[in-house]
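The values are calculated or read from the model by the stated rules, or taken from the named source; none is laboratory data. Predicted model only: the values in this text are computed from it and were never measured. Neighbour counts run over all protein chains shown; Cβ positions are idealised from the backbone, glycine included.
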Amino acid sequence: MNVNNVGGNSPVSKIVSNPIQKQLPADAPQSLRASDRLELSGASHLLKSLKSNDVRVDKVAAIKAQIENGSYDADGAKLDSAVDKLLDDLTK
């Protein structure tokens with residue numbers, strides 16, 4: 001039976017039915033044992049800043065109120081500036 005032009009005489013079928021087996025010499029080096037490793041990204045300075053809790057609650061509340069009533073940054077200039085600063089911080 002052929003499926004997608006792969007049948008009993010195809011190279012793929014031959015490998016599946018008779019896999020290649022390789023003998024290693026007795027003096028071959030032993031495989032290195034895999035180990036887990038943790039790498040922190042460059043965003044650690046952002047995490048440190050968040051943990052330092054330098055949030056000005058009063059300013060956040062005032063801006064949140066302006067956003068809710070539609071009066072905050074009508075032309076988007078402040079948002080553009082904030083995003084630019086955030087991107088600069090992320091690429092440091």
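Here are a few things to note about the model shown:
- In region 66-92, the qualifying residues are those that are basic (Lys, Arg) and under 25 Å from the mean Cα position of the chain (by Cα), and the one that is surrounded by the fewest Cβ atoms within 10 Å (Cβ to Cβ) is Lys92.
- Restricting the first member to region 70-92 and to residues that are within 24 Å of Leu46 (Cβ to Cβ) and modelled with pLDDT of 85 or more, and the second to residues that are surrounded by 10 or more Cβ atoms within 10 Å (Cβ to Cβ) and of a type in the set (Gly, Ala, Ser), no beta-carbon pair is closer than 8 Å while six or more apart or on different chains.
- Contact map, region 41-68: residues that are closer than 26 Å to Lys92 by Cβ and at pLDDT below 75 paired with residues that are among the hydroxyl-bearing types (Ser, Thr, Tyr) and assigned to a loop (DSSP other than H, G, I, E, B), Cβ distance under 9 Å, separation 6+ or inter-chain. Pairs shown: Gly42/Thr91.
- Out of Val12, Val6, sole residue that is modelled with pLDDT under 70, surrounded by 10 or more Cβ atoms within 10 Å (Cβ to Cβ), aliphatic (A, V, I, L, M) and over 30 Å from Lys92 (Cβ atoms): Val6
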